[in-house]
Amino acid sequence: MAKERRRAVLELLQRPGNARCADCGAPDPDWASYTLGVFICLSCSGIHRNIPQVSKVKSVRLDAWEEAQVEFMASHGNDAARDAYESKVPPFYYRPTSSDCQLLREQWIRAKYERLEFTHPEKQEPYSAGYREGSLWKRGRDNGQFLSRKFVLTEREGSLKYFNRNDAKEPKAVMKIEHLNATFQPAKIGHPHGLQITYLKDNSTRNIFVYHEDGKEIVDWFNALRAARFHYLQVAFPGASDADLVPKLSRNYLKEGYMEKTGPKQTEGFRKRWFTMDDRRLMYFKDPLDAFARGEVFIGSRESGYTVLDGLPPSTQGHHWPHGITIVTPERRFLLACETESEQRAWMEAFRKVVDRPMLPQEYAGECGGWGGGGGGPQHFLRGSDTAGRLSFSSGSPLQA
Ligand SMILES: [Zn+2]
């Protein structure tokens, strides 16, 4: 009997909606919440375990199933749960995937089943009201210490501001929603709730790093920023559909990590730097948590003269790391070296992803996909466009160390 019941549960996994985790979309889930009636992956089952008041989990393959539990799973399942628990997810709300951090997946699961935010839209006010104010721990630019700062997000003004004192009249920084990005970076920031916010300052990309002790609070901030960008883009692009706008609300980096690089003359020694691949912009930093990039390279498409090559030119000297990459742009070659072969392969894959993708009209204008700002501060060797619609480089300005 027990065997038959397990076989019955396994058969339920064959139903189309049950072939992917109900919460993160990972393929072939083999755990289930038998109180919610959903099939989930091992990783999401760990999160469900922490909210026993709403969810109780079992392994499909290893645990014993009671008849009533099998029937409950049969009469519910992932499609039915989506209709019930995700009926009113705002279009801007970030739906995590299996590659997202634990925090995003946990808050999504809690928002759905514990707080019932997507069946009771009035509970979405913290991120849908168009205004949000509160304290976040912000990393100091120079000393690296986290200090409490007041943040104010106003959709009406199209800005996120922060203040050094609660009673301060003038904000320390005004970040335009138009140019803002937010992405969770727990490992880099060293806090499970660490959020990286980037914006344009004097035409250069500026990073700030924040967190809140409460996971719900920081994810609400993240979704409030996405909501503000969504409403900004709806006004800026009145004809665009939600499906067009949603991918532009925030973006995760294609890849980050250390590589060695040499300067433009390629006679200097290689130096180890932290690199961030943000869509078509390859930025490098001395420290992963630097406020500003030392420089950035725009990586266009194959059709416009960009290529990524395995290895370095034979005469290259001065690199300590053995696995080379050469980025060829219409203007010059960039020589990079990775510590391991797997890192080199991962970087090559990230570069090829953008090189193989045809450029959009706005990318020719140096706008980097409409994300605003092609960089142009003194430390940046990439500038805007010439009238021919091709990217031009300020060749006189060398790569900074
Ligand atoms: Zn999952």
Probe 1.4 Å, all chains present, heavy atoms only: THR329 accessible area in Å², nearest 10, is 10 Å²
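Which order do SER98, SER301 take when ranked by solvent-accessible area (1.4 Å probe, heavy atoms of all protein chains), largest first?
Sorted by accessible area, descending: SER98, SER301.
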Accessible area per residue in Å² at 1.4 Å probe, computed on the chain
46 Å²
Give the distance, in whole Å, between the Cα centre of segment 296-321 and the Cα centre of segment 71-88.
50 Å
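Round to the nearest 0.05 the FRET efficiency obtained for LYS272 and ASN166 when R0 = 30 Å and r is the Cβ-Cβ distance. Don't skip to the answer; put the middle values down first.
Numbers: r = 40 Å, r/R0 = 1.34.
My answer for the efficiency is 0.15.
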So how much accessible area does MET1 have, in Å² to the nearest 10, using a 1.4 Å probe?
140 Å²
Hypothetical label at SER87: residues of segment 111-142 whose amide nitrogen lies under 19 Å (7 Å Cα-Cβ projection)
111-125
Computed over the chain, Kirkwood Rh from alpha-carbon pairs, angstrom
23.4 Å
Heavy atoms of PHE351 accessible to a 1.4 Å probe, total area in Å² rounded to 10
0 Å²
Work from the charge dipole of the chain (Cβ charges, +1 for Lys and Arg, -1 for Asp and Glu, about the Cα centre) and give the residue of TYR211, GLY295, ILE189 farthest towards its positive end.
GLY295
With a cap of 13 neighbouring Cβ atoms within 10 Å, and only residues DSSP puts in a loop, list the GluC sites (Glu not before Pro) found in segment 51-121.
GLU66
Sort out for me the Cα centre separation of segment 324-349 from segment 47-61, rounded to whole Å.
44 Å
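Give the relative contact order (percent, whole number) for the chain; include only Cα pairs under 8 Å separated by 6+ residues. Provide the component values of the computation, followed by the final result.
Values: 776 pairs, mean separation 38.4, N = 401.
It rounds to 10 percent for the chain.
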Using only helices, what value at 222 nm comes out for the chain when you add -39,500 (n - 2.57) per DSSP H run of length 4 or more and divide by the total residues, to the nearest 500 deg cm²/dmol?
-7000 deg cm²/dmol
Estimated inter-spin distance, LYS3 and LYS353, nm [label 7 Å along Cα→Cβ]
4.6 nm
In segment 212-316, what GluC sites (Glu not before Pro) fall in a loop by DSSP, with at most 13 other Cβ atoms inside 10 Å?
GLU213
Which residue fluctuates the most in the chain, going by a Gaussian network model with Cα springs under 10 Å, if the choices are ASP202, ASP30, ASP290?
ASP202
Rg and Dmax in Å for segment 102-191, alpha carbons only: what are they?
15.4, 44
Within the accessible area of the chain (1.4 Å probe), percent carbon and sulfur
49 percent
Calculated on alpha-carbon atoms, Rg and Dmax of segment 257-369 in Å:
13.6, 39
Placing +1 at every Lys and Arg Cβ and -1 at every Asp and Glu Cβ, with all other atoms neutral, what dipole size does the chain have around its Cα centre, in debye to the nearest 20?
780 debye
Segment 165-248 - Debye-derived log10 I(q)/I(0), Cα point model, q = 0.22, 0.23 Å⁻¹:
-1.16, -1.19
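Take the cross-link list LYS201/LYS272; LYS150/LYS172; LYS201/LYS248 and give me the ones stretching past 18 Å between alpha-carbons. Don't skip to the end; give the middle numbers.
Working: LYS201/LYS272 26 Å; LYS150/LYS172 10 Å; LYS201/LYS248 20 Å.
Table pairs above 18 Å Cα-Cα are LYS201/LYS272; LYS201/LYS248.
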What does the convex hull of the Cα atoms of segment 42-154 come to per residue, in Å³, rounded to a whole number?
161 Å³
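The values are calculated or read from the model by the stated rules, or taken from the named source; none is laboratory data. These numbers were taken from a predicted model, which means no experiment stands behind them. Cβ coordinates were reconstructed from backbone atoms using ideal geometry, including for glycine residues, and neighbour counts include every protein chain displayed. Side chains included, ligands, DNA and RNA excluded: accessible areas come from the protein's heavy atoms. Shrake-Rupley method; radii C 1.70, N 1.55, O 1.52, S 1.80 Å.
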